[in-house]
1. Return yes or no: is I34 among the β-branched types (V, I, T), open to solvent by less than 40 Å² (accessible area, probe 1.4 Å), in contact with an Asp or Glu (Cβ under 8 Å, 6 or more places away or on another chain) and at pLDDT 95 or above?
2. What's the total number of residues in segment 37-58 that are open to solvent by less than 60 Å² (accessible area, probe 1.4 Å) and assigned to a helix (DSSP H, G or I)?
3. If I go through segment 1-31 residue by residue, how many of them are under 30 Å from I95 (Cα atoms) and either at pLDDT below 95 or acidic (D, E) (or both)?
4. When you check L16 against the structure, is it out of contact with any Leu (no Cβ under 6 Å at 6 or more places or on another chain), surrounded by 15 or more Cβ atoms within 10 Å (Cβ to Cβ) and in a helix (DSSP H, G or I), yes or no?
5. Any residue in segment 171-186 that's free of Cβ contacts under 8 Å to residues at least 40 places away in the same chain: show its pairings with residues that are open to solvent by 80 Å² or more (accessible area, probe 1.4 Å) at Cβ separation under 7 Å, as long as the two are six or more apart or on different chains.
6. Is it the case that segment 168-179 has a residue that's touching an Asp or Glu at 6+ places or on another chain (Cβ under 9 Å) and within 18 Å of Q52 (Cβ to Cβ)?
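The values are calculated or read from the model by the stated rules, or taken from the named source; none is laboratory data. If you're wondering where the values come from, they're calculated on a predicted model, not measured in any experiment. All Cβ positions, glycine included, derive from the backbone under ideal geometry; neighbour counts span all protein chains shown. Each accessible area value is taken on the protein alone, full model and side chains, heavy atoms only, with ligands, DNA and RNA left out. Shrake-Rupley method; radii C 1.70, N 1.55, O 1.52, S 1.80 Å.
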Amino acid sequence: MYLSKLDARTLTDRQLTNLLFGGLEDDGEQGDCIFVAGSNKAVQYRLPKAVQLYNEDRASKILFSGGVTWPGNDFPEAIMLKNEALALGVPEEDILVEDQSLHTKENVLASLLTLDRAFYLHKINRLLIVTSTYHMRRMHLTLKTYMPPWIRYTLCPVKDNNTNEDNWFLSDIGRKRVETEAQKLIYYIKLGVLIDEDVEV
């Protein structure tokens, strides 16, 4: 069913699970760059996955995207991620930074210039996408909406403690995240911000 036809308020737990978590497996492909979306917990959850992919030679560069400075931090998300990646041994010349974006759509839009300067967009074939599992569907659709159509994506979702396919419905915070994410996803599609997609729910 096309996402634009859904009403997030009427979806069952099984449908919400299929909507946000279904079909998001890593296909094992190599890419040109690892694209990491920032968040307040990105250093804890997303950075280890990005560094793992880099160390496995899945891509030669990592792009950290995110300009929000969260309470208790001195730097924007992307700078925090870069600093921690350096501490983990990733060479500075292999790290790209976009530190202006404030939300998912801006992560993609602001990263276009960074990627073009590093690679030239017309030479990019594939990006490896790192974000939280429950956020991956919206991130993927945002990329497909605003990135050039020839770029392909390998999805490398990251689990957290309480918002995964097998446990989101067990806690209030997990349920709130999933329900809010589903509402955002469908709302943005109906608004025309994101392309529509046929998904089995």
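1. No; evaluated as a whole, the condition is false for this residue.
2. Matching residues across segment 37-58 total 10.
3. 6
4. Against the criterion (out of contact with any Leu (no Cβ under 6 Å at 6 or more places or on another chain), surrounded by 15 or more Cβ atoms within 10 Å (Cβ to Cβ) and in a helix (DSSP H, G or I)), L16 qualifies.
5. Taking only residues 6 or more apart or on different chains, the pairs are R175/F169.
6. There is no residue in segment 168-179 that is touching an Asp or Glu at 6+ places or on another chain (Cβ under 9 Å) and within 18 Å of Q52 (Cβ to Cβ).
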